[in-house]
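Novice: Have a look at the structure that comes next, please.
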Amino acid sequence: MPGIEPHLEALRPDAPMPGRVSTVRTLMFIGGVCGILLALLFGMGLAAPTEAMNEALDEQAALAAEQGVAWSVDADLMRSLMVSMALVTGVYGALSTFLASRLRNRTVGVFWGVVLFQGLAGLILLWSLLSGEVLSIVPLGFAVTMICFMWAKESRAYYGLL
């Protein structure tokens, strides 16, 4: 209808999903699949024989010693780190995929679920960035963008939050 503002158009029961919500949904599916694949990759690393893992870690320790860095990681510690990383990335991937699949449902719970999920991911990534992990700025940018897209007038109107 001419003359109706776009965010009010999203209030209609038959309104199509706004472009920003569709973008968030796509990004969450991509992030979710990446998280699940990373979890599987860490899981594959757990299948390595202990002898091979100890040999690789000894080589890493020798390279670190050449550069003057202390390195003392054994196979058990590496396996526990890999399990932790598999759990973190797997849970992130599963939740992201689940929420992305639910974004078509126009409920307040889905809206807040996405905003809180991305907010928590953003806080963890910000902590990582402040701890010195410079590359975490890229996923942090995606998390902030998704939160901003969900807070747009059209997105809030789509979920009945005006």
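Every number here is computed from the coordinates shown, using simple stated rules; none is lab data. Please read these numbers as outputs of a predicted model, since none were measured by experiment. Note: ideal-geometry Cβ built from the backbone for every residue, glycine included; neighbour counts use all protein chains shown.
Novice: Based on the Cβ-Cβ distance from Trp151 to Ala47, what FRET efficiency comes out when R0 is 45 Å, to the nearest 0.05?
Specialist: Working: r = 43 Å, r/R0 = 0.96.
That gives a FRET efficiency of 0.55.
Novice: Quickly rank 107-115, 61-69, 46-54 as a protection proxy: mean count of other C-beta atoms within 10 Å, highest first.
Specialist: Working: 107-115: 15.6, 61-69: 10.3, 46-54: 11.9.
Taking the mean over residues of other Cβ atoms within 10 Å, the ranking is 107-115, 46-54, 61-69.
Novice: Which length gain, in nm to one decimal place, applies between Ser72 and Glu59 when the Cα-Cα distance is subtracted from 0.36 nm times their residue separation? Let's see the in-between values first.
Specialist: Values: separation 13, 0.36 × 13 = 4.68 nm, distance 1.14 nm.
Working it through step by step, the gained length comes to 3.5 nm.
Novice: Give me the percent relative contact order of the range 121-162, please, defined on Cα pairs under 8 angstrom at least 6 residues apart. Don't skip to the end; give the middle numbers.
Specialist: Numbers: 20 pairs, mean separation 12.2, N = 42.
Relative contact order of the range 121-162: 29 percent.
Novice: Next question. Kindly rank 27-35, 14-22, 125-133 from highest to lowest mean number of other beta carbons found within 10 Å of each residue.
Specialist: Values: 27-35: 18.1, 14-22: 15.7, 125-133: 12.6.
Ranked by mean Cβ neighbours within 10 Å, highest first: 27-35, 14-22, 125-133.
Novice: Follow-up. Compute the signed sum of charges (Lys and Arg +1, Asp and Glu -1) over the other residues within less than 15 Å, Cβ to Cβ, of Ala143.
Specialist: Details: positive: Arg20, Arg25; negative: Glu133.
Neighbourhood net charge equals +1.
Novice: Let me ask something additional. May I ask for log10 I(q)/I(0) of the range 62-162 at q = 0.11, 0.19 Å⁻¹, from a Debye sum over the Cα atoms as equal point scatterers with solvent left out?
Specialist: Per q value, in the given order, log10 I(q)/I(0) is -0.49, -1.02.
Novice: Which net charge results for the neighbourhood of Phe98, defined as the other residues with beta-carbon distances under 15 angstrom from its beta-carbon, given Lys and Arg at +1 and Asp and Glu at -1? The partial results should precede the final answer.
Specialist: Details: positive: Arg25, Arg102, Arg104; negative: none.
Within the 15 Å Cβ shell, the charges total +3.
Novice: So if I average 1/r over every pair of distinct C-alpha atoms in the range 1-147 and take the inverse, what Kirkwood radius in Å does that give? Each step should come with its number before you reach the end.
Specialist: Values: mean 1/r = 0.0550 Å⁻¹.
18.2 Å is the Kirkwood radius here.
Novice: Of Gly90, Ser131, Ala56, which is farthest towards the positive pole of the chain's charge dipole, taken about the Cα centre with +1 and -1 on the beta-carbons of Lys, Arg and Asp, Glu respectively?
Specialist: Among Gly90, Ser131, Ala56, the one farthest towards the positive end of the dipole of the chain is Gly90.
Novice: Which net charge results when you count Lys and Arg as +1 and Asp and Glu as -1 among the other residues whose beta-carbon is under 13 Å from that of Lys153? List each step's numbers first, then the result.
Specialist: Numbers: positive: Arg20, Arg156; negative: Glu5, Glu9, Glu154.
Residues close to Lys153 contribute a combined charge of -1.
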